[in-house]
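Notes to accompany the following structure.
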Amino acid sequence: MLSKLLKFIKGEKDKPLDKNVEETWGPTIDYDRCKNCASCYNFCKYDVYAIENGRVVVKNKSNCIEGCSLCLDVCRYGALSFPDQNKT
Ligand code: SF4
Ligand code: SF4
């Protein structure tokens, strides 16, 4: 948790995911669970999230700090997910 916090504060990114893995690091919102509370939007300072047409969206996924995933704990509804960094 502390290392994630430091990455978030400093904006330091881990090494990129394997180039063969098409998934880009960053959050994905499960809209079946999302309650549109905007906690993730209010928490992240990197403009990853935005509000469009009254709905929280992942607007700038590439802004996400690789290896951070702190907003995962901010979402009380389990609506966020991130790529599996251990996937080969
Ligand atoms: S993991 Fe969440 S809080 Fe961290 S930079 Fe990415 S969107 Fe922002
Ligand atoms: S914190 Fe979770 S429930 Fe709230 S807007 Fe973000 S994804 Fe949706």
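Just so it is clear, none of the values below were taken in a lab; they were calculated from the coordinates. Small disclaimer: the values here were computed from a predicted structure and weren't measured. Cβ coordinates were reconstructed from backbone atoms using ideal geometry, including for glycine residues, and neighbour counts include every protein chain displayed.
Details
- Which of Leu5, Leu80 has the fewest Cβ neighbours within 10 Å, and the rest in rising order: Leu5, Leu80
- Here the extension length gained between Ser81 and Tyr46 equals 10.9 nm, from 0.36 nm per residue of separation less the Cα-Cα distance.
- Per-residue 3J(HN,Hα) values for segment 50-55, derived from phi via the Karplus relation 6.51 cos²θ - 1.76 cosθ + 1.60 with θ = phi - 60°, read 8, 10, 10, 6, x, 10 Hz in sequence order (x marks Gly and Pro).
- Across segment 79-84, rounded Karplus estimates of 3J(HN,Hα) from the backbone phi angles (6.51 cos²θ - 1.76 cosθ + 1.60, θ = phi - 60°) give 8, 9, 9, 10, x, 7 Hz, Gly and Pro being marked x.
- For segment 18-84, GluC sites (Glu not before Pro) are listed when DSSP marks them as loop and at most 15 other Cβ atoms sit within 10 Å of their Cβ; the list is Glu22, Glu23.
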